[in-house]
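The values are calculated or read from the model by the stated rules, or taken from the named source; none is laboratory data. Given the structure is predicted, the values throughout are model-derived calculations rather than measurements. Every residue, glycine as well, gets a Cβ built from its backbone with ideal geometry; the counts of neighbours run over all protein chains shown.
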Amino acid sequence: MLQLRGIGKRYPGVLALDGVDFDVRPGEVHALLGENGAGKSTLIKVMAGVQVPDEGEYLVDGKPMTFGSPKDAHAAGVSVVFQELSQVESLSVAENVFFGRLPASPLGTVDRGTLHREARRLLERVGLTVDPGTRLGFLSVAQRQLVEIAKALSTDAKVIAMDEPTSALSYAEIETLFDLVDRLTEQGVGIVYVSHKLEELFRLSDRITVLRDGRKVAETPTTEITADELVTQMVGRELDAMFPRMARTFDPNDTPLLEVTGLTSDMVHDVTFSVHAGEVVGFSGLMGAGRTELARALFGLDRTKAGQIRLDGRVVPRGSSPRAAERGMGYVPEDRKSDGLVLVSTIRDNMTLAVLRRLSRGGTVNRSKERGVVRDAIARLRVKAHSAEVKVATLSGGNQQKVTLARWLIKEDLKVLILDEPTRGIDVNSKSEIYKLIAGIAERGVAVLVMSSEMPELLSLCDRIHVMRDGRLVKEFDHADANQEDLMTAAIGKGKQ
Ligand SMILES: Nc1ncnc2c1ncn2[C@@H]1O[C@H](COP(=O)(O)OP(=O)(O)OP(=O)(O)O)[C@@H](O)[C@H]1O
Ligand SMILES: [Mg+2]
């Protein structure tokens, strides 16, 4: 149905795509896999007509397409759910779904009745229960993702490309999406599916194409390949165990560095726990269990009603993030786009913003020391960029994530670090590097808190894991007796406890 031949795309200093062939057949799921910066999103943008390649051919149903025309791509039945959501927060959900194609009444005004009826039908298909008239700005990231998928479904799409569609979805929403993909393929729709989660590719896809540095390295039927082989194709070499368990040294009999008692906000109820210097404590739970809300309350971003936070024996005033930061707390939020990543600045500036004081003497920054720190972070996190002077705006989604994380990982005067979904959008190969960095931070005596929806991540990283449900800590596991099934059972709150 869709054929791309010999696609090449060069950006200043980067060959994003190099002679890539890619096609989609009716009713199949063709997955696209590769490290951060491998060229996946660029290829999707070429399909959508929003990016003009330097060379290549594009056919839909055997007919040649002009590059760089989103309208043509759309008319030919190619629909795309982009990695970076492009939505208008001030418009309603329905208006976003039908953006640019609002149904008109005979009077020439927008036909609200039809608009809302059609939108409601599409929202039902993606399993989103919000009123079509709701302003998009009120929706969570997950809900917006579903709106984006509803938008893709709003035309008679023959091919739907989804760029990391599940990165912000909960388990239940992911299941709904998978069911939807199954139904679409049964109807003959071809799906292009980009994800870093290998288990999703194995569950959904018929073929997997791997990109490395803009080149297609392999295309294999899913039934004929293993996870290890895919990882090897992605990196070009074999990797050690993906989630190595890291042993840590801290004395559980020491006084904890961070002690939280009875912390209560609108969304968090009577939360009590402690973390030692050098310890990594995880927070598991379903979407909406209150992990992000707990992180925000701890860092003073949300108003709290009761409770106490003690750091190093001293009370941290509640409800003030500047005071929390002053006392040595760091927080990497789930939505890192809003975490002050300065898109127009360079990787170097973004990474060292928080540590300039340490790199300076008498008011001047030691540039060679700065370069060293940045070079090390870029190498360890495998940030794909041809230099540290590249603007962050031009990096791929995952590489932007890495830069934000690096900012905190290289900060040395931290006592407590709170990480919310530290590896969202990050490729499998870079994950273990990030885990090592987190372990390294703990080793320096920092108390680390990790909020994560990925249980394997918590199991490999954490010394202890708390399970949250409805804003409360419902169960605590020591690393030695934690396993995925028990974490899930506690999170759902059914059956054995
Ligand atoms: N507008 C741009 N200007 C300059 N370079 C760009 C631009 N867009 C993408 N690139 C570069 O092209 C390469 C491929 O990026 P792309 O976004 O396609 O990667 P990706 O495979 O989608 O990665 P991720 O998994 O992180 O989303 C990267 O090196 C990126 O920095
Ligand atoms: Mg991408």
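The single condition among (1) part of a loop (DSSP other than H, G, I, E, B); (2) under 30 Å from ARG382 (Cα atoms); (3) among the hydrophobic types (A, V, I, L, M, F, W, C) that VAL130 does not satisfy is (2). Exactly one residue out of GLY56, GLY68, GLY108, GLY77 is closer than 26 Å to GLY19 by Cβ, away from ligand 1 (no atom under 16 Å from the Cβ) and not aromatic (Phe, Trp, Tyr), and it is GLY77.
Filtered by the rule that a residue be surrounded by 15 or more Cβ atoms within 10 Å (Cβ to Cβ) and more than 12 Å from LYS216 (Cβ to Cβ), the stretch 1-16 gives MET1, LEU2, GLN3, LYS9, VAL14, LEU15, ALA16.
Only residues that are basic (Lys, Arg) and under 25 Å from the mean Cα position of the chain (by Cα): list them for the stretch 465-497, please.
Within the stretch 465-497, ARG469, ARG472 meet the criteria.
With respect to (1) touching a residue at least 40 places away in the same chain (Cβ under 8 Å); (2) more than 21 Å from SER430 (Cβ to Cβ); (3) part of a strand (DSSP E or B), the lone exception for LEU32 is condition (2). Elements of the type helices (runs of 4 or more DSSP H) sitting completely within the stretch 41-126 and holding at least 2 residues that are away from ligand 2 (no atom under 16 Å from the Cβ) and closer than 23 Å to SER195 by Cβ: these cover 112-125.
Residues that are within 23 Å of the chain's Cα centre (by Cα) and without any contact (Cβ under 8 Å) to a residue 40 or more places away in the chain occur at least once in the stretch 449-464.
Looking across the stretch 164-173, just one residue is under 15 Å from SER205 (Cα atoms) and either out of contact with any strand residue (DSSP E or B) (no Cβ under 7 Å at 6 or more places or on another chain) or away from ligand 1 (no atom under 14 Å from the Cβ) (or both), and that is THR166. Only one entry of GLY282, GLY262 meets the criterion of being at positive phi and of a type in the set (Gly, Ala, Ser), and that entry is GLY262. What residue, among those in the stretch 215-241 that are at pLDDT 95 or above and surrounded by 13 or more Cβ atoms within 10 Å (Cβ to Cβ), is nearest to LEU177 (Cα to Cα)? Residue satisfying both the conditions and the ranking: THR222. All of (1) among the hydroxyl-bearing types (Ser, Thr, Tyr); (2) in a helix (DSSP H, G or I); (3) touching a strand residue (DSSP E or B) at 6+ places or on another chain (Cβ under 8 Å) hold for TYR331 with one exception: (2). From VAL50, VAL46, which residue is crowded, with 19+ Cβ neighbours inside 10 Å and either within 30 Å of LYS402 (Cα to Cα) or within 13 Å of ligand 1 (Cβ to nearest atom) (or both)? None of the others qualify; the one that does is VAL46. Among the residues of the stretch 406-443, the one identified as aromatic (Phe, Trp, Tyr) and closer than 19 Å to ASP335 by Cα is TRP408. Of all residues in the stretch 471-496, those that are at pLDDT below 85 have Cβ atoms under 6 Å from Cβ atoms of residues that are assigned to a strand (DSSP E or B) and surrounded by 12 or more Cβ atoms within 10 Å (Cβ to Cβ), 6 or more apart or on another chain, in GLY493/ARG469.
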